[in-house]
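Note sheet for the following structure.
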Amino acid sequence: MEFDTKLIHGYKYVDPVTGATSIPKYQASTFQQLNFPNNQSYSYSRFGNPTVEYLENALAALENAKYGVCLSSGIAAISSVLLTLHSGDHIVLGNNVYGGTKQLVEELNERYGVNFTCVDETNIDSWKKAINSRTKLLYIETPSNPLLSITDIKEIVKLAKDKKILTVADNTFMTPYYQNPLSLGVDIVIQSCTKFLGGHSDIILGFVATNDSQLYQLIQNNRKEFGFTPGVEECWLCMRGIKTLAVRLEKSSKSAEKLATLLQNVDGVKKVYYPGLSTHDGHDTHLSQSSNGGMVVSFELESEGLTKQLLKNVTIPIVAVSLGGVESILSYPWSMSHACISEEERLAMGVTPNLVRLSVGVENVNDLFLDIKNSIGGK
Ligand SMILES: *Cc1c(COP(=O)(O)O)cnc(C)c1O
């Protein structure tokens with residue numbers, strides 16, 4: 001079955017009790033023990049809920065994973081994975097992972113003695129050098145945020161397998177439609193369903209996929225014990241959102257590629273970052289592990305004044321944090337996602353006051369282009 005068919009039919013979406021064409025919201029915290037003292041499948045919704053499980057099975061099917069766990073946010077998903085580690089264990093991760101992930105790893109280090117090393121995610125040698133005898137986990141996010149730098153997934157997997165180290169990939173930017181880290185040998189895939197999977201900027205939700213039953217048990221236990229349980233309403237909305245994933249992403253990624261190409265020739269635009277452009281540093285590696293350049297384009301303007309002008313004047317994209325909605329979202333990493341990082345570090349990583357990130361929605365691409373061009377008065 002092709003992926004776009006799978007999005008509609010590749011999992012159970014009909015209610016077995018009534019035939020309803022959408023799974024009901026089992027909006028209940030507890031379940032009457034019908035055959036007391038015999039156990040039944042559901043007892044309390046922090047431990048398990050039918051609506052949540054239907055979504056877990058659907059998302060696992062999309063990732064080609066044996067097991068899936070939904071959690072209350074993308075960060076809860078990341079926490080549930082990192083909290084399988086012990087004091088003294090060591091993580092290697094890219095310099096440009098999601099800001100919340102970096103913060104979490106720093107806190108885990110400070111309070112619980114889980115050590116970490118950040119490396120240039122594009123350079124396999126720097127990963128190799130960072131590994132020590134306590135290293136338990138390599139954490140990748142490709143393309144990275146906001147400069148969309150690329151990590152070679154297969155090389156990381158090779159490095160890890162030799163030393164029996166776990167590999168984890170945050171696949172939020174590409175979704176299972178365009179990139180399948182599990183099929184490249186990664187042990188755990190993480191999604192912030194808040195973004196493209198939900199697709200409508202109306203939920204906060206996370207997901208973890210794996211083929212390893214032991215890891216699945218540990219992550220599920222963490223969800224129960226730390227209380228990372230997702231809401232029923234959110235899971236239902238995500239189930240609704242994934243049905244249109246292919247149509248949304250095909251339109252958005254096509255527009256993103258066109259915008260990336262056109263923006264290169266607009267006066268006032270200094271540099272465009274998009275993995276689908278042949279001039280992008282990681283272009284070949286990206287297309288060896290992903291089937292598309294993606295829905296996110298970042299670009300640098302000639303001056304801070306022009307950047308402020310763009311953010312003030314655009315009428316179609318909303319100016320906000322986050323990505324992956326049907327509406328285009330224009331973010332300003334300098335003072336939004338990356339504000340907590342020191343100025344010096346931001347500049348060193350290429351996050352300048354002239355950089356913006358555009359998550360391309362499903363609006364007409366010509367409208368989007370003209371809106372951006374006119375906002376900066378470019379020709
Ligand atoms: C948004 C995001 C997260 C965090 O997800 P939440 O649902 O906000 O907790 C993690 N990783 C990436 C790449 C993201 O874009």
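The values are calculated or read from the model by the stated rules, or taken from the named source; none is laboratory data. Being a predicted model, the structure only gives us computed values, none of them experimental. Neighbour counts are summed over all protein chains in view; Cβ atoms, including those assigned to glycine, are modelled from backbone coordinates with ideal geometry. Ligands, DNA and RNA are stripped out before the accessible areas are found, and what is left, the full protein with its side chains, is counted by its heavy atoms. Shrake-Rupley method; radii C 1.70, N 1.55, O 1.52, S 1.80 Å.
Brief remarks follow.
- Test result for residue 271, open to solvent by 60 Å² or more (accessible area, probe 1.4 Å) and not acidic (Asp, Glu): yes
- Annotation: residue 47 fulfils all but one of (1) under 28 Å from residue 22 (Cα atoms); (2) touching a Phe, Trp or Tyr at 6+ places or on another chain (Cβ under 8 Å); (3) open to solvent by 10 Å² or more (accessible area, probe 1.4 Å); (4) away from the ligand (no atom under 16 Å from the Cβ); the unmet one is (2).
- Test: residue in the range 134-144 that is in a helix (DSSP H, G or I), within 13 Å of the ligand (Cβ to nearest atom), within 12 Å of the chain's Cα centre (by Cα) and not aliphatic (A, V, I, L, M): no
- Residues in the range 290-341 that are of a type in the set (A, V, I, L, M) and either open to solvent by 10 Å² or more (accessible area, probe 1.4 Å) or at positive phi (or both): 306, 311, 314, 316, 318, 319, 320, 321, 326, 336, 339, 341.
- Search result, residues across the range 163-195 that are outside any loop (DSSP other than H, G, I, E, B), farther than 21 Å from residue 285 by Cα and among the β-branched types (Val, Ile, Thr): none
- Selection status of residue 69, over 28 Å from residue 245 (Cβ atoms), open to solvent by less than 10 Å² (accessible area, probe 1.4 Å) and more than 12 Å from the ligand (Cβ to nearest atom): no
- Options 59, 82; residue that is under 26 Å from residue 141 (Cβ atoms) and either without any contact (Cβ under 8 Å) to a residue 24 or more places away in the chain or touching a helix residue (DSSP H, G or I) at 6+ places or on another chain (Cβ under 7 Å) (or both): 82
- Some residue of the range 92-102 being closer than 17 Å to residue 168 by Cβ and away from the ligand (no atom under 15 Å from the Cβ): yes
- Being among the polar types (S, T, N, Q), under 27 Å from residue 344 (Cβ atoms), within 16 Å of the ligand (Cβ to nearest atom) and in contact with a strand residue (DSSP E or B) (Cβ under 7 Å, 6 or more places away or on another chain) is a property that holds for residue 151.
- Filtered residue count, the range 136-160, keeping only those that are hydroxyl-bearing (Ser, Thr, Tyr) and open to solvent by 10 Å² or more (accessible area, probe 1.4 Å): 1
- Taken together, 85, 59, 55 contain a single residue that is at pLDDT 95 or above and more than 16 Å from the ligand (Cβ to nearest atom), which is 85.
- Residues of the range 187-200 that turn out to be open to solvent by 10 Å² or more (accessible area, probe 1.4 Å) and either at pLDDT below 95 or more than 13 Å from the ligand (Cβ to nearest atom) (or both), as a count: 2
- Residue among 366, 313, 374 that is more than 22 Å from residue 195 (Cα to Cα) and without any contact (Cβ under 8 Å) to a residue 40 or more places away in the chain: 366
- Matching helices (runs of 4 or more DSSP H) fully within the range 246-354 where at least 1 residues are modelled with pLDDT of 95 or more and of a type in the set (D, E, K, R): 283-289, 304-313
- Residue count for the range 355-379, restricted to those that are modelled with pLDDT of 95 or more, outside any helix (DSSP H, G or I) and of a type in the set (Gly, Ala, Ser): 2.
- Any hit, the range 223-238, residues being away from the ligand (no atom under 16 Å from the Cβ), out of contact with any Gly (no Cβ under 8 Å at 6 or more places or on another chain) and closer than 18 Å to residue 75 by Cβ: yes
- Residue that is nearest to residue 3 (Cα to Cα) [pool: residues in the range 161-185 that are of a type in the set (A, V, I, L, M) and surrounded by 24 or more Cβ atoms within 10 Å (Cβ to Cβ)]: 174
- The set of residues from the range 201-229 being buried (at least 21 other Cβ atoms within 10 Å of the Cβ), outside any helix (DSSP H, G or I) and over 17 Å from the mean Cα position of the chain (by Cα) comprises just one member, 228.
This table checks each residue for (1) of a type in the set (A, V, I, L, M); (2) crowded, with 20+ Cβ neighbours inside 10 Å; (3) touching a residue at least 60 places away in the same chain (Cβ under 8 Å).
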{"site": "78", "(1), (2), (3)": "yes, yes, yes"}
{"site": "94", "(1), (2), (3)": "no, yes, no"}
{"site": "105", "(1), (2), (3)": "yes, yes, no"}
{"site": "110", "(1), (2), (3)": "no, no, no"}
{"site": "113", "(1), (2), (3)": "no, no, no"}
{"site": "117", "(1), (2), (3)": "no, no, no"}
